[in-house]
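Notes follow the structure.
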């Protein structure tokens, strides 16, 4: 594939984004190189340019002095292929937890190193008129004012712009049910809890109460009864690990299914506790999305910093859910130079051939790239992110970004295997 000679997009001292088509910027793919034609596309609607303070653009030729590097934050449905390359100054701060994507200029237009990986449009940001979202939130809160889940989600919807929180109030799509204040991992890029010495704030506030069964059931039934093919999901960005509350969640699932047969009950989890996941499956869980950044134990452990479990437990949970007939998705936290490392692709291929899942939801990992590479190491050899995506597809596994329903109105669950009626209490 021929190389392009893209121009530089940069910021001046007044934080204005400017173009210099005579200067050729490098991209970071785990090492510096110029992007290839099939790695670039026009910046999509919703792409947000952002400054990289204390960092000068790294260039193949041309000027970089007195210029600030820029990146783009991608909208939902797109996956990052390359990172911005820059020269870090001594006083540069650690970057906040966002997904920094390489950006350049071609023919006086902003381009990004990204691929469209999900064409659904129901996850695009919605623009609300003044007071519109607040009115919707207030109306839903008035129906169940004592529900502490709604109290948490009010803030998530209004302050943090969380789609699954907003869906609860808009009565559409996938609805969040956060329930767990504790976690058994200390992810370097955790969005709800950061160590004091991390240098960056957590962009969300974690729920700080253990929610009871009745509150869960009321919220879930309200959503599933009003939303055709709706989804309710445990395991949100504003909570810890839901499997640590598996007994409560299992009781809630059983009660929900006693009253309502349609819609999907989903759990987003780190998959650390297979026995706890089995408890949810026995109760009637339809779908599970298990998060990981790597299929290599050392890379997984370096980022997740797990307590009392390891990658093999996560893989065991995936095998368990696939064997039980659930719709199983992997939430793969992608990062150029790590996800497309040839050693990573070999480990991924070996596991997915043994245990094919329904979908891999690719997620751009929100983290300062230098922090991530310092945590897990830079690659010895890479195939490129496009090759990594194609590797997944070659295994007959779908690639996307969003959770589809596992049950539809008038249809049976994807899993019709017998489940034990006894819920571990």
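Any read-out appearing in this document is the output of simple, stated calculations on the displayed coordinates, not a laboratory observation. Owing to the predicted nature of the structure, the values given are computational and were not obtained by experimental measurement. Glycine also receives a Cβ, built like all others from the backbone with ideal geometry; neighbour counts cover every protein chain displayed.
Under the √(5λ) rule applied to the eigenvalues of the Cα gyration tensor, what semi-axes describe the equivalent ellipsoid of the range 1-117? Give them in Å, descending. All intermediate terms of the calculation are to be shown ahead of the outcome.
Values: eigenvalues 76, 54, 36 Å².
Gyration-tensor ellipsoid for the range 1-117: 20, 16, 13 Å.
Relative to the present Cα-Cα distance, how much length would full extension add between residue 182 and residue 210 at 0.36 nm per residue of separation?
Length gained, residue 182 through residue 210: 9.2 nm.
Using a ≥ b ≥ c from the Cα gyration tensor of the range 219-369 (square roots of the eigenvalues), is it rounded, prolate or oblate, where a/c under 1.5 gives rounded and otherwise the larger of a/b and b/c decides, a/b for prolate? Please list the in-between numbers first.
Details: a/c = 1.92, a/b = 1.84, b/c = 1.04.
The shape class here is prolate.
In whole Å, how far is the Cα centre of the range 104-182 from that of the range 372-389?
Centre-to-centre distance over Cα atoms comes out at 31 Å.
How high is the relative contact order of the range 126-216, in percent, with contacts defined as C-alpha pairs under 8 Å that are six or more residues apart?
Working: 81 pairs, mean separation 22.0, N = 91.
Dividing the mean separation by the residue count of the range 126-216 yields 24 percent.
Quick check on the range 48-188: take the gyration tensor over C-alpha atoms, sort the square-rooted eigenvalues as a ≥ b ≥ c, and tell me if it's rounded (a/c under 1.5), prolate or oblate.
Numbers: a/c = 2.62, a/b = 2.01, b/c = 1.30.
Cα axes put the range 48-188 in the prolate bin.
Between residue 398 and residue 139, what FRET efficiency comes out of the Förster formula 1/(1 + (r/R0)^6) with R0 = 35 Å and r the beta carbon distance, rounded to 0.05? Can you show the working numbers first?
Values: r = 37 Å, r/R0 = 1.04.
The pair residue 139/residue 398 has a calculated efficiency of 0.45.
In whole angstrom, note down how far apart the Cα centers of the range 40-89 and the range 241-317 are.
After rounding, the separation between the Cα centres reads 36 Å.
Where both residues lie in the range 132-400, what percent of DSSP beta bridges are antiparallel, nearest 5?
Working: 2 of 29 bridges.
Bridges in the range 132-400 are about 5 percent antiparallel.
Which order do the peptides 55-66, 353-364 come out in when sorted by mean C-beta neighbours inside 10 angstrom, highest first?
The peptides rank, most packed first, as 353-364, 55-66.
So if R0 is 25 Å, what FRET efficiency would residue 109 and residue 65 give, r being the distance between their Cβ atoms, rounded to the nearest 0.05? Mind dumping the intermediate values first?
Details: r = 25 Å, r/R0 = 1.00.
Working from the Cβ atoms, E equals 0.50.
Would you kindly calculate the translational diffusion coefficient of the range 139-215, applying Stokes-Einstein with the Kirkwood radius from alpha carbon pairs, for 10 °C and a viscosity of 1.306 mPa s, and quote it in µm² s⁻¹ without decimals?
Approximately 117 µm²/s, per Stokes-Einstein.
I'd like the Kirkwood hydrodynamic radius of the range 20-78, using the inverse of the mean 1/r over distinct C-alpha pairs, in Å.
Values: mean 1/r = 0.0774 Å⁻¹.
Every distinct Cα pair counted, the radius reaches 12.9 Å.
Summing -39500 (n - 2.57) over the DSSP H runs of n ≥ 4 in the chain and dividing by its residue number, what mean residue ellipticity at 222 nm do you reach, to the nearest 500 deg cm²/dmol? Could the numbers behind the result be given before it?
On the way: 11 runs with 121 residues, N = 425.
The helix-only estimate for the chain comes to -8500 deg cm²/dmol at 222 nm.
Take residue 301 and residue 132, extend 7 Å from each Cα along the Cα→Cβ direction, and tell me the distance between the two endpoints in nm.
5.0 nm
Go through 295-301, 89-95, 5-11 and give me the packing order, highest mean Cβ count within 10 Å leading. Before the final figure, lay out the partial values.
Values: 295-301: 17.7, 89-95: 12.3, 5-11: 22.0.
Ranked from most to least packed, the peptides come out as 5-11, 295-301, 89-95.
If you line up the long axis of helix 311-323 against the longest principal axis of the chain, both from Cα atoms, how many degrees apart are they, to the nearest 10?
On a 0 to 90 degree scale, this one is about 50.
Write down, largest first, the equivalent ellipsoid semi-axes of the chain in whole Å, where each equals the square root of 5 times an eigenvalue of the alpha-carbon gyration tensor. List each step's numbers first, then the result.
Details: eigenvalues 288, 118, 76 Å².
Listed largest to smallest, the semi-axes of the chain are 38, 24, 19 Å.
Students often check this: by mean Cβ neighbours within 10 Å, which of 135-142, 32-39, 184-191 ranks highest, and how do the rest follow?
On the way: 135-142: 14.6, 32-39: 16.8, 184-191: 19.2.
By packing density, highest mean first, the sequence is 184-191, 32-39, 135-142.
What is the angle, in °, between the Cα long axis of helix 385-394 and the longest principal axis of the Cα atoms in the chain? Nearest 10 is fine, range 0 to 90.
It works out to around 40 degrees.
Just to confirm the number: angle between the C-alpha axis of helix 274-283 and the first principal axis of the chain, 0 to 90 degrees, nearest 10?
Once rounded, the angle reads 50 degrees.
Calculate the FRET efficiency for residue 370 and residue 349 from the Cβ-Cβ distance with a Förster distance of 41 Å, rounded to the nearest 0.05.
Numbers: r = 29 Å, r/R0 = 0.70.
Efficiency for this residue pair is about 0.90.
Can you compute the label reach from residue 259? Point 7 Å from Cα along the Cβ direction, backbone N cut-off under 20 Å, restricted to the range 208-225.
Hits in the range 208-225 for residue 259 at 20 Å: 211-225.
Pull out the extension gain between residue 160 and residue 38, defined as 0.36 nm times the separation in residues minus the alpha carbon to alpha carbon distance; nm, one decimal.
Numbers: separation 122, 0.36 × 122 = 43.92 nm, distance 3.36 nm.
Gain on extension, residue 160 to residue 38, equals 40.6 nm.
Find how much the distance from residue 146 to residue 51 grows on full extension, using 0.36 nm per residue of separation minus their present alpha carbon separation; answer in nm with one decimal. Could you put the intermediate results ahead of the total?
Values: separation 95, 0.36 × 95 = 34.20 nm, distance 4.21 nm.
Extra length available between residue 146 and residue 51 comes to 30.0 nm.
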